[in-house]
Amino acid sequence: MHTTSFEFRSVPRIVVARGGAQRLADWLPGLAGMRRPLLVTDPGVRALAEPCCTALREAGVALAVFDAVQPDPPPEVVERALALAREHRADGVIGLGGGSSLDSAKLVALLAGSRQELPATFGVNQASGPRLPLVLVPTTAGTGSEVTPIAIVTTGADTKQGIVSPWLLPDLALLDATLIRGLPPAVTAATGIDAMVHAIEAYTSLRLKNPMSDALALQALALLDRWLPSAWAEGEDLEAREQTLLGACMAGMAFANAPVAAVHALAYPLGARFHVPHGLSNALVLGPVLRFNAPQAELLYAELGRHLGLGAGRDETSACTAFIEHMAALSGRLGLPTRLRDVGVQAGDLDRLADDALLQTRLLINNPRPLTRADARELYASAL
Ligand SMILES: [Zn+2]
């Protein structure tokens, strides 16, 4: 059901430009005249960042680089980047990388601008701002982090803290498809499916789904469904890469306003306990969760299916089933592992996983069908 009154927030400026990352200097004057930015990135994309850094320096920008972001960054990584920002007297932050780099960049901009301590920002709307001017440049087509007000830090062996605040939305999100040409097929598949899950869960989000998030989710899902297989099969296909980047960004805008639900709730414990990458975790539990939700979400899944050209002219139940089976088969078609046992999960782990999933109340309240601990265990068991 659509809410009749709602709020929709997003970033003020999105630029889609092939090769745009090498022309970053063009946009800095519009960002409070940024002259001394800190670029936050990770070792895996350092080579991609290099030409951008050279171009910035040639344009007379006094750039400092922090390139030590790691996957699932702990608070110490953010603190180290923050120390460098202060030492450099940075007047802005540029995040370039996957979700972990972008999340770290958001937090550095926030903490350098607000002088708040990191733990004080944990939770929803605890960050007080202001922040330094912020540019985000994704190098995967998946998380949508460049347009979401969320950052995640890993605070313990299997615990994470989320920071949710409009202060984390950047001033500019730059989508440059040339940056993602080199992604390996398995990463392309997993991150792309994650983005599709963002669109699906936003479209069926129980409380905050609204006409604007719906429009974005539908278009995002159609783009990803059409172009992800091409981007996976032919990494150098720039049009396919650009369309998936756009799809992931639109899905991010949707779920930033209509939050994700049980697929993500069941995926997080796989990341925390088994270090399964986020996109793959989602792909592994997607089919079982969609089948579980079907009794309450049949109409919406049928709408999504028809939007993808599935189940046309058939009744709701068959259109819904066609959609679920299409999505459930996708990870296998794209060569990803399809069973939890493929990533090291055993029957003896199911209770612990179910306990952890139930802790994700922030997500579960958005699920179209209420989910008990027994349900969670059974869903993991069916994915085993
Ligand atoms: Zn996700």
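Can you tell me which residues in region 252-272 are in a helix (DSSP H, G or I) and either farther than 30 Å from Asp349 by Cβ or among the basic types (Lys, Arg) (or both)?
Passing the criteria: Gly252, Met253, Ala254, Ala256, Asn257.
Tell me which residues, restricted to region 119-140, are among the aliphatic types (A, V, I, L, M), open to solvent by 10 Å² or more (accessible area, probe 1.4 Å) and outside any helix (DSSP H, G or I).
Passing the criteria: Val124, Ala127, Leu132.
Condition check: more than 16 Å from the ligand (Cβ to nearest atom), more than 24 Å from the chain's Cα centre (by Cα) and either surrounded by 15 or more Cβ atoms within 10 Å (Cβ to Cβ) or assigned to a helix (DSSP H, G or I) (or both). Does Gly313 satisfy that?
Judged against the criteria, Gly313 is not a match.
Given the conditions (1) in contact with a His (Cβ under 6 Å, 6 or more places away or on another chain); (2) within 30 Å of Ala25 (Cβ to Cβ), report the number of the one that Leu218 does not fulfil.
Tallying (1) in contact with a His (Cβ under 6 Å, 6 or more places away or on another chain); (2) within 30 Å of Ala25 (Cβ to Cβ), Leu218 fails exactly one: (2).
Which condition breaks for Leu363 when tested against (1) open to solvent by 70 Å² or more (accessible area, probe 1.4 Å); (2) within 28 Å of Val187 (Cβ to Cβ); (3) at pLDDT below 95?
(1)
Here is a check on your reading of the model: is Leu56 crowded, with 18+ Cβ neighbours inside 10 Å, among the aliphatic types (A, V, I, L, M) and assigned to a strand (DSSP E or B)?
Against the criterion (crowded, with 18+ Cβ neighbours inside 10 Å, among the aliphatic types (A, V, I, L, M) and assigned to a strand (DSSP E or B)), Leu56 does not qualify.
Residues checked against (1) in contact with a Phe, Trp or Tyr (Cβ under 7 Å, 6 or more places away or on another chain); (2) more than 23 Å from Pro259 (Cα to Cα); (3) at pLDDT 95 or above:
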site: Ala141; (1), (2), (3): no, no, yes
site: Val153; (1), (2), (3): no, no, no
site: Gly182; (1), (2), (3): no, yes, no
site: Ala189; (1), (2), (3): yes, no, yes
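Being under 21 Å from the mean Cα position of the chain (by Cα), in a loop (DSSP other than H, G, I, E, B) and among the polar types (S, T, N, Q) is the filter here, so list the residues in region 339-379 that pass it.
Gln360, Asn366, Asn367, listed by residue number.
Somewhere in region 81-89, is a residue open to solvent by 30 Å² or more (accessible area, probe 1.4 Å) and closer than 24 Å to His275 by Cα?
no
Which members of region 195-222 meet the condition of being in contact with a helix residue (DSSP H, G or I) (Cβ under 8 Å, 6 or more places away or on another chain), more than 14 Å from the ligand (Cβ to nearest atom), part of a helix (DSSP H, G or I) and not aliphatic (A, V, I, L, M)?
Hits for region 195-222 are Tyr203, Ser213, Asp214, Gln219.
Restricting to region 1-27, name every residue that is surrounded by 17 or more Cβ atoms within 10 Å (Cβ to Cβ) and more than 25 Å from the chain's Cα centre (by Cα).
Scanning region 1-27 gives a single hit, Ala25.
The values are calculated or read from the model by the stated rules, or taken from the named source; none is laboratory data. Nothing here was measured: the structure is a model prediction, and the numbers come from that model. Backbone-built Cβ (ideal geometry, glycine too); neighbour counts: all protein chains shown. Accessible surface areas use protein heavy atoms only, side chains included; no ligands, DNA or RNA. Shrake-Rupley method; radii C 1.70, N 1.55, O 1.52, S 1.80 Å.
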